[in-house]
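A.B. asks: The structure follows.
The values are calculated or read from the model by the stated rules, or taken from the named source; none is laboratory data. Small disclaimer: the values here were computed from a predicted structure and weren't measured. All Cβ positions, glycine included, derive from the backbone under ideal geometry; neighbour counts span all protein chains shown. The area values use the complete protein model at the heavy-atom level, side chains included, leaving out ligands, DNA and RNA. Shrake-Rupley method; radii C 1.70, N 1.55, O 1.52, S 1.80 Å.
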Amino acid sequence: MRRRARWFKRLREEERRVKDRDLIKTVEEVLDPITMGHIERLLQRGVIWEMKGTISAGKEARVFWAKSRGGRDLAVKIYLSFTAEFRKSIRKYIIGDPRFENIPSGNFRRLIYEWTRKEYRNLQRLREAGVRVPEPIAFQGNVLVMEFLGEEGYRAPLLVEAVNDMTRDEILEAWREASELLRGIVCRARLVHADFSEYNIMVWRGSLWVIDVAQAVSHHHPYAEEFLVRDIRNIASFFEEHLGGEPPGLDGLRGELVSCLGSR
Ligand SMILES: Nc1ncnc2c1ncn2[C@@H]1O[C@H](COP(=O)(O)OP(=O)(O)O)[C@@H](O)[C@H]1O
Ligand SMILES: [Mg+2]
């Protein structure tokens, strides 16, 4: 508890605006003591210097904006949900995965830790394959630290938001980039994203970036092909809606991706 107070003191000293007092309250209310301990550890490790504001409060995870000691913007994704619904929803993605198989069924915290670690590893693997994803920086328990996509605390827009300001040519270019992202994920990183859509792509510095990769699976996963077909269908129907017709090269792309999967 004392350690925790030190962290808040730092926030209080540096941030005196009402908005930030609200933030301290929010962080305290939202994060349980064990999660606070993981954040404290990341502070001690020198990964995080201070927590700033909430970027997103989803059903399972919260994403915060934070700063590193050197002043670099960070995104801190914290998995908070230990509900039966969440366990059920991830079951499909972890079957046959040895990393999850020896976790005792009642140990939800271990399950979330492994899930966080899986997102970190997937980010690493995608990055090594040259796919644009946020650089993974660290993980600790249910807390994942990565590169912040955005400027000064303002996150970059999701594709679903950015599309409204795009010309038809830009949308066509975005489709080509999305196709290239899929090639990178499937043919080079040898993964299937399994939740690839306009909601998990950000538009930053003139390019498309993939986020939210905890559920991504390897080609050996029993549902890999099913997930891949769904990913292609979801992104294609988004572009179809905005282009007023099937995006160019869809059949070829589908064939190419399925054959990358087939060579597993
Ligand atoms: N690296 C990042 N930089 C900036 N914003 C991010 C980053 N990662 C996620 N976000 C924001 O947080 C939201 C939720 O993150 P996401 O990983 O998609 O989790 P989930 O959809 O499971 O809640 C995203 O829609 C995006 O707005
Ligand atoms: Mg998401």
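A.B. asks: So, for the chain, what is the accessible surface per residue at a probe of 1.4 Å, expressed in square angstrom?
C.D. replies: Values: 12980 Å² over 264 residues.
Result: 49 Å² per residue.
A.B. asks: For S259 and R110 in one chain, what is 0.36 nm times their gap in residues minus the Cα-Cα distance, to one decimal in nm?
C.D. replies: 50.1 nm
A.B. asks: Something else about it: Give the total of Lys-Lys pairs in the chain with Cα-Cα distances below 23 Å; include a pair only if its members are 8 or more places apart or on different chains.
C.D. replies: 24
A.B. asks: In whole percent, and with a 1.4 Å probe on the protein chains, what portion of the accessible area of the chain is carbon and sulfur?
C.D. replies: For the chain, the apolar C and S fraction of the accessible surface comes to 49 percent.
A.B. asks: Now for a separate question. Classify the range 126-240 as rounded, prolate or oblate, taking a ≥ b ≥ c as the square roots of the eigenvalues of its Cα gyration tensor: rounded when a/c is under 1.5, otherwise prolate if a/b is larger than b/c and oblate if not.
C.D. replies: Oblate.
A.B. asks: Let me ask something else. Averaging sequence separations of C-alpha pairs under 8 Å and six or more residues apart, then dividing by the length of the range 26-99, give the relative contact order as a whole percent.
C.D. replies: Working: 76 pairs, mean separation 14.2, N = 74.
Once normalised by length, the contact order is 19 percent.
A.B. asks: Starting from the range 151-220, pick out the chymotrypsin sites (Phe, Trp or Tyr not before Pro) whose DSSP state is loop and whose Cβ has at most 15 other Cβ atoms within 10 Å. Can you show the working numbers first?
C.D. replies: Details: sites: Y154, W175, F196, Y199, W204, W209; in loops: F196, Y199.
In loop regions of the range 151-220 (DSSP not H, G, I, E or B), the sparsely surrounded chymotrypsin sites (Phe, Trp or Tyr not before Pro) are Y199.
A.B. asks: Now a separate question. Would you work out the relative contact order for the range 156-262, in percent, from Cα pairs under 8 angstrom that are 6 or more residues apart?
C.D. replies: That works out to 31 percent.
A.B. asks: Provide the solvent-accessible area of R121, counting protein heavy atoms only and rolling a 1.4 Å probe, rounded to the nearest 10 Å².
C.D. replies: Its heavy atoms expose roughly 90 Å² to the probe.
A.B. asks: Right, something else. Please list 3J(HN,Hα) in residue order for the range 51-65, calculated via the Karplus relation 6.51 cos²θ - 1.76 cosθ + 1.60 where θ = phi - 60°; whole Hz, with x for glycine and proline.
C.D. replies: 8, 10, x, 7, 9, 7, 10, x, 5, 9, 10, 10, 10, 10, 8
A.B. asks: Can you find, among V63, P104, L191, the residue sitting farthest towards the positive end of the charge dipole of the chain, where Lys and Arg contribute +1 and Asp and Glu -1 at Cβ?
C.D. replies: P104
A.B. asks: Identify which of A84, A129, A216 has the largest mean-square fluctuation in a Gaussian network model of the chain, with springs joining Cα atoms closer than 10 Å.
C.D. replies: Of A84, A129, A216, the Gaussian network model singles out A84 as fluctuating most.
A.B. asks: Counting Lys and Arg as +1 and Asp and Glu as -1, each charge on the Cβ, what is the dipole of the chain about the Cα centre in debye, to the nearest 20? Please report the intermediate quantities before stating the final value.
C.D. replies: Values: 45 positive and 40 negative charges, 355 e Å.
Here the chain has a charge dipole of around 1700 debye.
A.B. asks: Okay, moving on. On full extension of the chain, what length is gained from D251 through D97, given 0.36 nm per residue of separation minus the C-alpha to C-alpha distance? Kindly include the intermediate steps, with their values, before the conclusion.
C.D. replies: On the way: separation 154, 0.36 × 154 = 55.44 nm, distance 3.12 nm.
Separation in residues times 0.36 nm, less the Cα-Cα distance, equals 52.3 nm.
A.B. asks: Using the basic label-point model (7 angstrom from Cα toward the beta carbon), what is the N234 to Y199 distance in nanometres?
C.D. replies: With each label placed 7 Å out from Cα toward Cβ, I get 0.8 nm.
A.B. asks: A further question on this structure: At most 12 other Cβ atoms within 10 Å and a DSSP loop assignment: could you name the trypsin sites (Lys or Arg not before Pro) in the range 24-85 that fit?
C.D. replies: Those that pass, being in a loop and sparsely packed, are R45, K59, R69, R72.
A.B. asks: For a quick size check, give me the Cα extents of the chain along its three principal axes, largest first, whole Å.
C.D. replies: 59, 47, 30
A.B. asks: Give me the percent relative contact order of the chain, please, defined on Cα pairs under 8 angstrom at least 6 residues apart. All intermediate terms of the calculation are to be shown ahead of the outcome.
C.D. replies: Values: 368 pairs, mean separation 38.2, N = 264.
Reported relative contact order: 14 percent.
A.B. asks: Moving to a separate point now. Rounded to two decimals, what is Rg over Rh for the range 177-264 when you use alpha-carbon atoms and the Kirkwood radius?
C.D. replies: Values: Rg = 12.4 Å, Rh = 13.1 Å.
For the range 177-264, the value is 0.94.
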